[in-house]
Structure formats: structure tokens, C-alpha cells
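What follows is a set of notes on a single structure, which appears directly below.
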Amino acid sequence: MVMNKEDIQEVKALLSSPQKIVIIPHKNPDGDAIGSTLGLFHFFKNQGQEAVVIAPNDFPKFLKWMPAQEKIINFEKNKLTAKRHIDDATLIFTLDFNHFSRVGDMQESLEKANGTFIMIDHHQEPDDYATVTYSDVSMSSTCEMVYNFIEAINGISKITPEIANCLYTGIMTDTGSFKYSSTTSRTHRVVANLIDNGAENMAIHNKVFNTNSPSRLHILGCALKNMVILEEYNTVYITLSQEELDKYNFKKGDTEGIVNYGLTLDNIIFAVIFIENKEEGIIKISLRSQGDFSVNEFARTHFYGGGHNNAAGGRSDDSLEETTTKFVGLLSNYKEKLKG
Ligand code: 5GP
Ligand code: MN
């Protein structure tokens with residue numbers, strides 16, 4: 001879906017004068033969140049606008065090559081600077097999320113902010129905080145939507161290699177390298193245009209995926225060993241305790257994507273990973289499915305989370321063991337839906 005005409009007019013009017021722009025991804029930003037925020041950042045900077053990206057917390061090392069990533073303000077580490085930018089902002093873009101609760105400790109600053117909010121996002125059930133809400137759950141990625149946004153305001157000819165590299169990265173990571181069901185012919189056309197405009201596709205694949213560290217491979221091995229297959233429910237779950245993460249020298253990003261391994265097993269349509277985080281006192285949960293089983297609904301109903309039909313996240317305040325026991329107990333209510 002493209003943006004509606006009134007929204008395009010409103011955005012064009014806003015951008016026709018100098019703005020103080022703040023661009024915000026969700027907490028624990030992934031490739032799509034960082035790619036979309038940086039892509040838009042470059043676009044605005046090139047138009048002579050004042051712009052900054054403020055992330056609620058740090059992002060994984062495999063994204064730390066992206067153009068201007070070093071300029072991202074980490075709210076957790078630079079609260080005063082970040083808050084000053086948010087207070088002064090005239091325009092605030094929130095990308096790849098649709099609810100203030102997704103920015104962690106930054107929530108309060110956003111609630112107080114006076115700037116005009118513009119949301120660009122592809123998750124379900126958007127909140128209504130934004131003046132312009134560009135929300136479309138059928139989209140492969142927020143990066144594809146940023147491309148559409150730039151197109152809507154007649155900016156395609158202004159896509160530089162920096163912008164192309166950023167947007168390509170997010171589309172690639174959110175589509176599992178162009179294979180998930182949200183990947184359309186339009187997605188491929190957008191990606192083709194990004195390559196024509198300087199996205200270095202092979203280099204990006206290498207930088208994002210061929211960056212395994214010993215810690216990541218050890219944690220992957222541990223995770224796969226811990227995998228529990230519940231054939232009755234066509235379900236797989238994996239646990240990683242804090243003790244295991246410490247033992248293998250866990251670093252941010254090391255557990256990214258591990259949950260997907262479960263779905264590569266024949267007949268498995270539901271895969272979940274439970275990752276203990278002692279510092280935050282929670283179990284972080286990632287859920288994936290194949291077909292009609294909605295992990296968004298499952299995460300929303302039982303684990304304070306949400307996301308998409310086939311990829312969602314959530315958390316639990318119970319112990320790792322209590323959480324998996326609760327999880328396994330819940331499955332019997334979903335037996336029919338999990339038949340596949
Ligand atoms: P992941 O499992 O990769 O962290 O997240 C999968 C998808 O679910 C992403 O689109 C992410 O934005 C969303 N997601 C992850 N954690 C949460 C959460 O706690 N709440 C909500 N609403 N969405 C989440
Ligand atoms: Mn996304």
C-alpha cells in the first residue's frame with residue numbers, strides 16, 4: 001500500500017520548511033530498524049534538514065558498518081543529549097514500531113514530546129499517537145516502506161548509495177534474504193532499484209551474515225543441543241540460560257536468528273526461543289511460525305508481546321523453567337491450530 005494523498009500533502013508541506021528531525025527505531029534495533037532510520041537520516045541530511053537518529057539502546061555488531069551508524073545517539077548511554085534532541089524536535093519519525101512501549105526507557109520522553117509524529121511501520125495494531133500514520137502489515141519491511149515514502153514525496157532521484165545500502169540491508173534482513181511470504185515482486189523491484197542506485201548487495205550479505213564469532217557459534221551449538229521437539233504440537237522450543245550465555249561469552253547479536261532453525265525441521269510450524277536476561281530480570285522470547293498459526297496473537301495473549309503473524313517477540317517475568325513450563329502447558333489449547 002502506498003501512502004494516502006492527504007498524508008503525502010501533509011508531509012510535503014512539513015518538509016518544505018526547515019525542521020529539527022529526530023528519527024527513532026525500536027529497542028534492540030534489528031537490521032530493518034537501523035536500516036530504515038539511517039536511510040531516512042541520509043535522505044533528510046542531503047535535503048539540508050537537521051536530523052538525528054536516537055536508538056533506545058545499542059545495536060548488534062553486524063550492523064556497525066552501516067553509513068553514519070557511528071552518529072546514532074544511544075539513549076541509554078547519552079540520556080541528556082538524547083532528551084534535548086527529543087524536546088527540541090519539530091518532527092519525530094518512529095520507524096519499525098507502532099507503540100511507545102517498544103522504546104523502553106525512552107517512552108516517557110516520547111510521551112512528553114511536542115514535535116509532530118510520523119509513524120512508518122509494518123507491525124499489527126498501530127497505536128494512534130502519530131499525526132501521519134503510514135502503517136501496512138503486508139509490507140516486507142519498514143525499509144521498503146521508507147522507499148515508498150521517499151517515492152511519494154518525489155525523492156527517488158535523490159537516493160544515494162548510502163541510502164540504497166541502508167534500505168537494502170533492512171529489506172534483506174526482514175525478508176530472510178528475500179524468501180519470506182511478505183516478499184513480493186514489488187519488493188524485488190525496489191531492491192533492483194536500490195542496486196541500480198549503489199546498494200552493494202554482495203558486500204552487504206557478507207557484512208551481515210558472514211560475521212560469525214566464536215561466541216556466536218558456541219551459543220548456536222548450545223542452543224541447538226537444548227532444542228526440545230514437541231512432535232504432538234509440531235512445535236520446537238529452545239532455551240538459553242544466562243549461565244550458558246556467560247559460559248560462551250555472549251555478545252549482543254549472538255542469538256539473532258537462532259529461533260529460525262526450528263522451522264527447518266520437517267512438519268515443524270511453531271518455533272520459540274527463550275533467552276534468560278538476568279540483568280533485566282526477564283526471559284526474552286522470540287516466536288516464529290509457518291502458515292496460518294499467528295505468533296503475534298500468541299505473544300500478545302500470553303507474553304506481553306506482539307509482532308507479525310509469522311514472527312513475534314515477547315517476554316516473561318518468571319524464571320526460565322517456569323516460563324517453558326507455562327509455554328508447554330499452553331500448547332494443548334492450540335492443538336487444533338497447530339495441526340498444520
Ligand atoms: P524478534 O523475535 O526478532 O526480536 O522479533 C520478531 C518481531 O516481533 C519483530 O518484528 C519485532 O519488532 C517484534 N517484537 C519483538 N519483541 C516484541 C515485543 O516485546 N513486543 C512487540 N509488540 N513486538 C515485538
Ligand atoms: Mn521490520
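Results, tabulated for the structure shown:
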| item | result |
| --- | --- |
| Cross-link pairs beyond the 31 Å C-alpha cut-off, checked among Lys247/Lys335; Lys64/Lys284; Lys12/Lys284; Lys61/Lys326 | Lys247/Lys335; Lys12/Lys284; Lys61/Lys326 |
| Where chymotrypsin sites (Phe, Trp or Tyr not before Pro) fall in DSSP loop in segment 30-81, at most 12 other Cβ within 10 Å | none |
| Cα Rg, Dmax, segment 58-136, angstrom units | 13.2, 34 |
| Solvent-accessible area per residue for segment 187-340 (1.4 angstrom probe, square angstrom) | 53 |
| Top of Ile163, Ile23, Ile229 by mean-square fluctuation, Gaussian network on the chain, Cα under 10 Å | Ile229 |
| C-alpha long axis of helix 185-196 to longest principal axis of the chain, angle in ° | 60 |
| Three-way shape label, segment 156-256, alpha-carbon gyration tensor, a/c 1.5 | oblate |
| Estimated 222 nm signal from helices in the chain, with DSSP H stretches of n ≥ 4 weighted -39500 (n - 2.57), rounded to 500 | -11500 deg cm²/dmol |
| Distance from segment 152-170 to segment 210-227 (C-alpha centre basis), Å | 34 |
| Among His123, His26, His99: highest mean-square fluctuation, GNM of the chain, C-alpha pairs under 10 Å | His99 |
| P(r) tail fraction, the chain - alpha-carbon pairs more than 35 Å apart, % | 21 |
| Pairs beyond 22 Å (Cα-Cα), from Lys45/Lys158; Lys27/Lys112; Lys83/Lys112; Lys71/Lys112; Lys20/Lys83; Lys20/Lys207 | Lys71/Lys112; Lys20/Lys207 |
| Antiparallel bridge percentage (DSSP; both residues within the chain; nearest 5) | 45 |
| Span from the segment 181-202 Cα centroid across to the segment 39-99 one, whole angstrom | 24 |
| Principal-axis tilt of helix 214-226 within the chain, Cα atoms, nearest 10 degrees | 40 |
| Percent antiparallel among DSSP beta bridges (both partners in segment 231-284, rounded to 5) | 35 |
| Positive minus negative residues near Leu245 (Lys, Arg vs Asp, Glu; Cβ under 12 Å) | 0 |
| Most mobile listed residue (Ser215, Ser109, Ser185) in the chain, GNM with C-alpha springs under 10 Å | Ser185 |
| Cα-based helix-to-principal-axis angle, 320-331 vs the chain, degrees rounded to 10 | 90 |
| Rough spin-label spacing in nm, given labels placed 7 Å along Cα→Cβ, for Ala192 and Lys20 | 4.4 |
| Accessible-area composition of the chain, carbon plus sulfur, in percent [1.4 Å probe] | 47 |
| Extension gain (nm, one decimal) between Glu231 and Ile153, 0.36 nm per residue minus Cα-Cα | 23.0 nm |
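The values are calculated or read from the model by the stated rules, or taken from the named source; none is laboratory data. Computed from a prediction, not measured in an experiment: that's the story for all the values here. Glycine also receives a Cβ, built like all others from the backbone with ideal geometry; neighbour counts cover every protein chain displayed. With ligands, DNA and RNA removed, areas are computed over all heavy atoms of the protein, side chains included. Shrake-Rupley method; radii C 1.70, N 1.55, O 1.52, S 1.80 Å.
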